[in-house]
Amino acid sequence: MRAFRISLWLAAAAVPIFAESQVGAAAEDAQDLSVISIGREAIPVRTKALVEKAPKGARLIAYLDCGADRESSGAGPVKIVCTSGKPHHFPSEAPGVPATQATVFFDTGEVVFEIRGLESSRRYQLGLSWWDYDNSGRTQSIVVTSPDGRLVRLAVPAIRLPDYKDSRLLPAERRFQLPVTFAQDGKLRLVVQQVAGANAVISELWIYQLD
């Protein structure tokens, strides 16, 4: 649980002001609700950077610091909720890496999220960051499905995560458009899948509304 407020400069940038976040009911059903307590000063800095590199005309409407929160912050109805995953903090002081990327959710097999509050008439782009900080051979993919699992899209094919420990590679970012036609009651399921290596990990998730 945390209060997450983007500073007043966002008002001038015409983007949503992020308000206080509360863990939702679905997150309370998760087996492990623990998160890692870290300093919050990195959050506004990170979201400011994401706003600045948003696609033209897009708005940052949800941001989740994985490992530090179970539910994303944002003033609007769109939420990202971790329903399956364990928190961990990589002891990273890598130059140029936001503190938000050092915390992760991980699990053997997969880490699962529910995306809520989507409107069928709008377009959304999901962004993420991940890395193989300790060089544990992690290769991962991402699928997005309807809540009932009948509709499935491979959003990110299997890819080897950047190895920091031995190769000094920094976290990678990926973006893809959410298949809102798969949504049921405004919800989608997002799964970070372990393909190879120690487990599946994810550092950050965020959503841009494109129109």
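The values are calculated or read from the model by the stated rules, or taken from the named source; none is laboratory data. Fair warning: this is a prediction, and the values are worked out from it, not measured in the lab. Note: ideal-geometry Cβ built from the backbone for every residue, glycine included; neighbour counts use all protein chains shown.
Would segment 171-181 turn up any residue that is assigned to a loop (DSSP other than H, G, I, E, B), over 17 Å from the mean Cα position of the chain (by Cα) and at pLDDT 95 or above?
No, because not a single residue in segment 171-181 is assigned to a loop (DSSP other than H, G, I, E, B), over 17 Å from the mean Cα position of the chain (by Cα) and at pLDDT 95 or above.
Among the residues of segment 180-195, count how many are β-branched (Val, Ile, Thr) and surrounded by 19 or more Cβ atoms within 10 Å (Cβ to Cβ).
2
Considering only strands (runs of 3 or more DSSP E) fully contained in segment 89-164, which possess at least 2 residues that are polar (S, T, N, Q)?
Strands (runs of 3 or more DSSP E) meeting the threshold: 124-130, 139-145.
Just for segment 118-144: of the residues that are farther than 19 Å from residue 102 by Cα and surrounded by fewer than 18 Cβ atoms within 10 Å (Cβ to Cβ), which one is farthest from the chain's Cα centre (by Cα)?
The qualifying residue farthest from the chain's Cα centre (by Cα) is 121.
Hey, any hits in segment 182-193 for a residue that's modelled with pLDDT of 95 or more and farther than 17 Å from residue 126 by Cα?
yes
Return only the number of the condition from (1) in a loop (DSSP other than H, G, I, E, B); (2) loosely packed, with under 13 Cβ neighbours inside 10 Å; (3) of a type outside the set (Lys, Arg) that residue 198 does not satisfy.
Unmet condition: (2).
Considering segment 48-92 alone, what residues qualify as being buried (at least 23 other Cβ atoms within 10 Å of the Cβ), hydroxyl-bearing (Ser, Thr, Tyr) and at pLDDT below 95?
Once the filter is applied, which keeps residues that are buried (at least 23 other Cβ atoms within 10 Å of the Cβ), hydroxyl-bearing (Ser, Thr, Tyr) and at pLDDT below 95, segment 48-92 yields 72, 73.
Kindly indicate the residue of segment 112-129 that is polar (S, T, N, Q) and out of contact with any strand residue (DSSP E or B) (no Cβ under 8 Å at 6 or more places or on another chain) and also nearest to residue 58 (Cα to Cα) among those meeting that condition.
Result: 121.
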